[in-house]
Amino acid sequence: MSATAAVLAEVALFADLDDRDRAVLAERVDVMTLEVGKVLFEYGDPGDWMVIVKAGAVELTVKTKTGDKVFLETIEAGEFFGEISLLDAGARTATATVVVGGEALIVDRGDLDELLKINPAAAMRLLRATGKRLRNNAAIVRNAAARNVNEIESDRANRGNIVLRIADWVANFSGSITFLVLHVVVFAIWLLFNGFLPQAFDPFPFNLLTMCVSLEAIILSTLLLFSSNRQSARDRVRSDIEYDVNLKAELQIQHLHEKIDDLHTQLLTRLEAIDPHRPAHSTRGT
């Protein structure tokens, strides 16, 4: 058995083939050298071939509209990728970058047709693998939209006015038991000292205490308003993020159903082309 045929034997997609059929297919596929850092294809590129990693590793990623890089998965030896564009003749849905050097096998559309002629049951294996990858990618993209509102507002505060950070601290402290106990103790000492001791500096009716309490109330109320505005900003951000997450989840689920239906139709069309006497099946997705 050749080295290429041995690699095909380790891939689930080709596991049902006998040695002779696997050797025939091994003669058709091409070998590619994987160099670290090499981009095999980018998102949106046309794709009419898939890759089986013989040795090494390839990382699949996508970029969001904000330019953030989202990791999808790492393809290692014995695994394959790029089958989605090969099946539907559409554009690439991710960017593939080599992270560990090695070798890979290239399977084009002609090679896939030969595989389905030899073993039509491989179509269902390919469909299951593709469906699993689409579900995994959809979940990753949805989770990437979930941002922590408190972290966003904290970053803004760290870059913004120090008064806003003080306002948050004061708002948290003024609502604590420590704040209440501290004021009770201070007021009690003040009233006892100025009400009963001869060296009082603020005798009854405690005008200085009244002025201090009034100033504290003004400053505290202003800082609490600042903090309230910050909380309103957090609520607005949270609402926007929840809307984005729900919208992306809805779009991804709709796209997943459309992709599965399209792949199902493509596979049935290929099977009918290979075996014209095969009975017709419904192309409706589940």
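Bear in mind these aren't lab numbers, they're just calculated from the coordinates by the rules spelled out. Every value quoted in this text rests on a predicted model; they were computed, and no experiment measured them. So basically every Cβ, Gly included, is an ideal-geometry build from the backbone, and we count neighbours across all protein chains shown.
Values for this structure:
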item	result
Dimensionless Rg over Rh [the stretch 179-251; C-alpha; Kirkwood]	1.43
For the stretch 3-119, alpha-carbon Rg relative to the globular expectation (2.2 N^0.38 Å, N residues)	1.07
Packing-based ranking, highest mean first, of 244-257, 89-102 given that Cβ atoms within 10 Å are counted	89-102, 244-257
The stretch 175-211 residues near the modelled Leu220 label - backbone nitrogen below 14 Å, point 7 Å along Cα→Cβ	175-188, 210-211
Residues whose placed amide H lies under 5 Å from that of Phe41, excluding near-sequence neighbours	Ala96
Protection proxy ranking of 43-49, 187-193 - average other beta-carbon atoms within 10 Å, highest first	43-49, 187-193
